[in-house]
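Have a look at the structure below, then the notes.
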Amino acid sequence: MQTSYTRTPQQPIQSGFGYHSTASEVLKGIDLSGKTALVTGGYSGLGLETTRALIQAGAHVIVPARRPEAAREALAGLAQVEVDELDLSDLDSVRAFAGRLVASGRSIDLALLNAGVMACPESRVGPGWELQFATNHLGHFTLIHLIWPMLIAGEGARVVVTSSTGHHLSPIRWDNINFDGNYQKFEAYGQSKTANALFAVELDRRGAEHGVRAFALDPGVVFTPLVRHMPMEEMIALKWFKEDGETVNEAFKTPEQGAATQVWAATSPQLESKGGVYCENCDISILTNDDAEHTGVKPYAIDPEEASRLWTLSVKLTGADHI
C-alpha cells in the first residue's frame, strides 16, 4: 500500500495488446477466483461481454441494472452472477442499492463503471440536472463514495471508469454544466465523458494511499444499444453505417474487442502501482491536442486541477463526501 502519491505518466507502456485484442485474450492466465467485481450496465453491449469475461476468469460479478428482469434474462445461464436494481439517474436508487450492498458485508475488488447514456433528447433529472451528466458521472460518483469501505476492504481494488473519445467534443462547461437554454446532445455527452476521465484522476489521487487505484478508458467505437437514441439517418451521416442502413462500418470493434480495455485496466499486472491515467486499445493512451484525430486523451480530461474542481462541485451537488 502506498503512503505517498506519485502520478503515473500519461504515455503508453507497450502492453503487447492492441486494437483487435479481446476481453478473453487480455484475461488469459489471470485467475480471478475469490474476487468480487461490480459492473454497472453489465447485462448489455460492452458490459455484457465484460461480465462474461470476468466470470470466465473466475470472478463473482454483481450487476446492478435499471431493468433487473431484462438483466436476469440477458445473464441467464451464467454462474457466479447476481443482479440488483439501480437507476444511476436517481440518487435515491443509488443510495438504496449501495445500502444493500454495504449491508452484505463483502469487499469489492473491481468496480467497472460501464453504464451510460449517449446523445439522448434533452432530459432533466433531480433538481434539473442534464441527464447524461447526471447518469454517466454523478450517479457513479455517488455510488463509489457510498461503497468506499467495500473497496478499501478489497486490498488493492481498482475502479475503472468508461469514458469515450467523445470527451474530445467538450471540456467541462463550468459556466453552464446543465446546458440550460442551449442543449446540444453530443456536446453534453462529451462533457459527461470528460467528467468520467477527471473522476478517475482525482479518485486515484485520493484512493492510492488506501491501495485503491482508478483508471479511465475509451473502449473504441462499437455498435451497441448505447446508440438507441440516434436515428439511422444520423448514424449513416456519421459513417457508422453504410448507405444501406444495415452494414456497420467495418472499422468498428466487436463488443468483445470493445470490452477488452476496461477488462485490461481492471486486471492487468502491468498496471500494478499505476493509476489515474486514461487508457485505450489495452494500453495507456497518448496525450493529444489534435482536433482532427479521434484517438488519445485531451489534456483537459486528465488535468488534476480540473479534476479537483469537478470533485468539489460533485460533492456539492450530490452530498456524497466519503472519500
Selection within the range 93-148 - of a type in the set (D, E, K, R) and out of contact with any helix residue (DSSP H, G or I) (no Cβ under 6 Å at 6 or more places or on another chain): 95, 100, 106, 109, 122, 124
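Of all residues in the range 61-84, how many are touching a strand residue (DSSP E or B) at 6+ places or on another chain (Cβ under 7 Å) and not basic (Lys, Arg)?
Residues in the range 61-84 being touching a strand residue (DSSP E or B) at 6+ places or on another chain (Cβ under 7 Å) and not basic (Lys, Arg): 13 in total.
Suppose we filter 143, 138, 112 for residues that are part of a strand (DSSP E or B), touching a Leu at 6+ places or on another chain (Cβ under 9 Å) and either surrounded by fewer than 21 Cβ atoms within 10 Å (Cβ to Cβ) or at negative phi (or both); which single one remains?
Details: 143 fails: part of a strand (DSSP E or B); 138 fails: part of a strand (DSSP E or B).
From the options 143, 138, 112, the qualifying one is 112.
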Scanning the range 137-154 for residues that are at pLDDT 95 or above and not hydrophobic (A, V, I, L, M, F, W, C), the one farthest from residue 315 (Cα to Cα) turns out to be 149
Considering only residues of the range 73-101 that are closer than 27 Å to residue 31 by Cβ and touching a residue at least 24 places away in the same chain (Cβ under 8 Å), which is surrounded by the most Cβ atoms within 10 Å (Cβ to Cβ)? 81
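One line per residue, one yes/no per condition, for (1) at pLDDT 95 or above; (2) among the hydroxyl-bearing types (Ser, Thr, Tyr); (3) part of a loop (DSSP other than H, G, I, E, B):
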residue	(1), (2), (3)
250	no, no, yes
261	yes, yes, no
265	yes, no, no
270	yes, no, no
275	yes, no, yes
279	yes, no, no
291	no, no, yes
294	no, no, yes
Residues (in contact with a Phe, Trp or Tyr (Cβ under 6 Å, 6 or more places away or on another chain) and either at positive phi or buried (at least 18 other Cβ atoms within 10 Å of the Cβ) (or both)) located in the range 115-125: 118, 119
Please name all residue pairs, on different chains or six or more residues apart, with Cβ atoms under 6 Å, provided the first residue is in the range 311-323 and is in a loop (DSSP other than H, G, I, E, B) and modelled with pLDDT of 95 or more and the second residue is of a type outside the set (S, T, N, Q) and crowded, with 19+ Cβ neighbours inside 10 Å. 320/145
Filter result (in contact with a helix residue (DSSP H, G or I) (Cβ under 6 Å, 6 or more places away or on another chain) and over 19 Å from residue 143 (Cβ atoms)) within the range 49-70: 49, 53
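Filter the range 31-71 for residues that are touching a residue at least 12 places away in the same chain (Cβ under 8 Å) and surrounded by fewer than 16 Cβ atoms within 10 Å (Cβ to Cβ) and give the result.
Passing the criteria: 31, 33, 34, 56, 58, 68, 70.
So, in the range 146-165, of the ones that are among the small types (Gly, Ala, Ser) and surrounded by fewer than 24 Cβ atoms within 10 Å (Cβ to Cβ), which residue ends up farthest from residue 45 (Cα to Cα)? Before you say what the answer is, go through the steps one by one.
Quick first cut of the range 146-165, residues among the small types (Gly, Ala, Ser) only: 153-154, 156-157, 163-164.
If we keep only those that are surrounded by fewer than 24 Cβ atoms within 10 Å (Cβ to Cβ) too, we end up with 153-154, 156.
Numbers: 153: 30, 154: 27, 156: 27 Å.
Filtering first and then ranking leaves 153.
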Candidate set: the range 9-30, residues that are closer than 27 Å to residue 152 by Cβ and over 19 Å from the mean Cα position of the chain (by Cα); chosen: the one surrounded by the fewest Cβ atoms within 10 Å (Cβ to Cβ): 9
Only unsatisfied item for residue 310, checking (1) closer than 24 Å to residue 17 by Cβ; (2) touching a helix residue (DSSP H, G or I) at 6+ places or on another chain (Cβ under 7 Å); (3) buried (at least 22 other Cβ atoms within 10 Å of the Cβ), is (1)
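The values are calculated or read from the model by the stated rules, or taken from the named source; none is laboratory data. The model shown is predicted, which means the values in this text are computed figures rather than measured ones. Every residue, glycine among them, receives a Cβ derived from its backbone with ideal geometry; neighbour counts consider all protein chains shown.
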